[in-house]
Amino acid sequence: MTPNELKTALSTGLLSFPLTDFDAELRFAPKPYAARLEWLMPYGASVLFAAGGMGEFFSLEPGEYADVVKVAAATCGQHTPIVGASGGGTSLAIQYAQATERSGAAGILLMPHYLTEAGQEGLVAHIEAVCKSVKIGVIVYNRGACKLTAESVAQLAERCPNLIGFKDGLGDIERIVQIRRRLGDRLVYIGGMPTHEIYAQAYQALGVPTYSSAVFNFIPRTAIEFYNAYAKGDSATVNRLLDEFFLPYIEIRNQGAGYAVSIVKAGADLVGHGAGSVRPPLSDLKPQQREQLKLLIDRLGAQ
């Protein structure tokens, strides 16, 4: 798949990022992971992001990460495009990017570099180096320590033909509008806020039509129902699902730091598709929180 073909695939339909399966010793479990992807594929996500934030990218060492992407590409690549990940300092990010390309993925989601804040010049140099190290498409994730300005994104788009996407996880409306107006259709724009369904309508008004869904990992039918209603302008269905599920869901999610991943792993376990515990420094939901989530899923009546 060429970068432009991936850009087209990313521009419509629901996107999602599967959990990474771990065994009881928190080792990557390839067979359960392949089974998870096979379960999710028929529900119709247009692109799957393997070993991304929801897949606990930052807890995976490079060789292990490559194994995750290889399994995803082998399982889904003929039917659903797979986007891998990259992150960390520039040298390490290039290694991840090249491993992703070798593993058969169609593209890369470039995660924030690391803890230290960096100036725009450094961010541009970092992202440009990663883009130029591969031929597949790159989506930059604007979140955490990576806060790009419209001018920086414009420079990168001019220098890097394979930079095809901008995913936002900051929620800075002024920044999004500036970038969207400056770059137009040069990039595909993806919503990447935690539980983005809450933000989807607002982002749509900003010219960001697609988003990645975390809850697709355990209630895929409802995730697709919500996306279809959102895409068609069916406000009644959107508001019903916000009230019945998503708003109560984020109340549980907000009870603990890092629960954006932990609650999804708990949800997958509750519907019979467990992926093991999260790796430290993340922690699993407490029993009371799991029970709250179970009641919410049971009340929803969809998986």
Fraction of alpha-carbon pairs in the chain farther than 34 Å apart, rounded to whole percent, equals 15
Only Cα pairs within less than 10 Å get springs; with that Gaussian network setup on the chain, which residue of ARG102, ARG36, ARG143 has the largest fluctuation?
ARG102
What are the lysines whose alpha-carbon lies under 26 Å from the alpha-carbon of LYS286, with same-chain residues fewer than 8 places away excluded?
LYS265, LYS294
Please work out the C-alpha center-to-center distance from the stretch 136-200 to the stretch 214-240 and express it in whole Å.
23
Counting DSSP beta bridges in the stretch 29-168, what percent are antiparallel, to the nearest 5?
0
Need the C-alpha centroid separation for the stretch 246-275 versus the stretch 71-99, integer Å.
25
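Would you mind putting 41-53, 230-242, 20-32 in packing order, based on average other-beta-carbon counts within 10 Å, highest first? List each step's numbers first, then the result.
Values: 41-53: 22.1, 230-242: 14.5, 20-32: 16.2.
Taking the mean over residues of other Cβ atoms within 10 Å, the ranking is 41-53, 20-32, 230-242.
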Of LEU115, LEU15, LEU163, which has the largest mean-square fluctuation in a 10 Å C-alpha GNM of the chain?
LEU115
Carbon and sulfur %, accessible surface of the chain computed with the full protein complex present, 1.4 Å:
52
What cysteines in the chain have no other cysteine with a beta carbon less than 4.7 Å from their beta carbon?
CYS76, CYS146
Nonlocal amide H pairs with PHE49, under 5 Å, H built at 1.01 Å
SER16, PHE17, VAL83
Over the chain, with the other protein chains present, what is the accessible area per residue in square angstrom, probe 1.4 angstrom?
41
Could you estimate the translational diffusion coefficient of the stretch 210-303 from the Stokes-Einstein equation, with Rh from the Kirkwood formula over C-alpha pairs, at 37 °C and 0.692 mPa s, in whole µm²/s?
241
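The values are calculated or read from the model by the stated rules, or taken from the named source; none is laboratory data. The structure displayed is predicted, hence computed values, not measured ones. All Cβ positions, even for glycine, are placed from backbone atoms using ideal geometry, and neighbour counts span all protein chains on display. Accessible surface is based on the protein model in full, side chains and every heavy atom, while ligands, DNA and RNA are left aside. Shrake-Rupley method; radii C 1.70, N 1.55, O 1.52, S 1.80 Å.
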